[in-house]
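Remarks on the structure that follows.
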Amino acid sequence: MKNEINGELDAVINDRGLLTSPRPSIDRPQLQHHLAEVLRLLHVDLNDENLLDTPRRWAESLITMTSGYDFTDVKKLTTLFRKACSAADEKCQNLVVIGGTFKTLCAHHILPFFGKFIIGYIPNKTIIGASKIPRIVEVHMRRLQSQEHLAHDVADTIEHIVEPNGIAVWMGGVHLCMVMRGVEQESSFMETNVLRGAFLEDERTRQEFMSIVNRRGQRE
């Protein structure tokens, strides 16, 4: 079991797509059974030819979208991602900015929300490989989340790993819990900022980051 866990951790750092692969620890037949019962309680006709395999497909999609729960040990994650770090130049005060996309499930309604992220940090002694920050986002987005918690979880993890002089996380997302239910506003859009260290204390650093957000983070 220990070797299996170490292999899973190595797969995360080496970008081998572990977070979308099968999870042997999950009792699939039991999960599928309960999801079929949920559909029956909603008066869904599971004999419909379009729904015959729906409980299994639903189970598999949930297993994939919650795979981040297999990686909740902060110390292990920190140790893992530090393997992808290198020493920063002593004179390096550059703002390192990396962007990408996220998609996750709302913790309140189990409906998707998705959008863009932009993350910046001011190196102290360590920098991390550019491809690893989206992997850190992926670890956290594959859990039931709120956008606020997702942004803070990502900031916490990166802060533990590289111990920067400052970190900033911006996320902008569309929430289907606001589009398909509740206020039912198709144009609803939510932005979240987490600013720490130099980004909170130094206005020039903060403005530099926010100018990047304004240029690159706006919804297309």
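Exactly one of these conditions fails for VAL139: (1) of a type in the set (Val, Ile, Thr); (2) open to solvent by less than 10 Å² (accessible area, probe 1.4 Å); (3) free of Cβ contacts under 8 Å to residues at least 60 places away in the same chain. Give me its number.
(3)
Kindly state which helices (runs of 4 or more DSSP H) lie completely within the range 146-212 and contain at least 2 residues that are touching a Ser or Thr at 6+ places or on another chain (Cβ under 6 Å) and surrounded by fewer than 19 Cβ atoms within 10 Å (Cβ to Cβ).
147-162
Could we say that ARG57 is of a type in the set (D, E, K, R), under 25 Å from PHE102 (Cα atoms) and surrounded by 12 or more Cβ atoms within 10 Å (Cβ to Cβ) here?
So ARG57 passes the test.
In a loop (DSSP other than H, G, I, E, B) and within 14 Å of VAL162 (Cα to Cα) - does that describe any residue in the range 95-113?
yes
For the range 106-136, which positions are small (Gly, Ala, Ser) and either farther than 19 Å from ALA168 by Cα or open to solvent by less than 40 Å² (accessible area, probe 1.4 Å) (or both)?
Scanning the range 106-136 gives ALA107, GLY115, GLY120, GLY129.
Residues checked against (1) at pLDDT below 90; (2) touching a strand residue (DSSP E or B) at 6+ places or on another chain (Cβ under 9 Å); (3) open to solvent by 60 Å² or more (accessible area, probe 1.4 Å); (4) under 14 Å from ARG135 (Cα atoms):
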site	(1), (2), (3), (4)
ARG23	yes, no, no, no
ILE26	no, no, no, no
GLU37	no, no, yes, no
LEU42	no, no, yes, no
ASP53	no, no, no, no
LYS75	yes, no, yes, no
ARG82	yes, yes, yes, yes
GLY100	no, yes, no, yes
THR104	no, yes, no, yes
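The values are calculated or read from the model by the stated rules, or taken from the named source; none is laboratory data. Since we're looking at a predicted model, the values are computed, not measured. Please note: Cβ atoms are built from the backbone with ideal geometry, for glycine as well, and neighbour counts cover all protein chains shown. Surface accessibility is based on the protein's heavy atoms, side chains included, excluding ligands, DNA and RNA. Shrake-Rupley method; radii C 1.70, N 1.55, O 1.52, S 1.80 Å.
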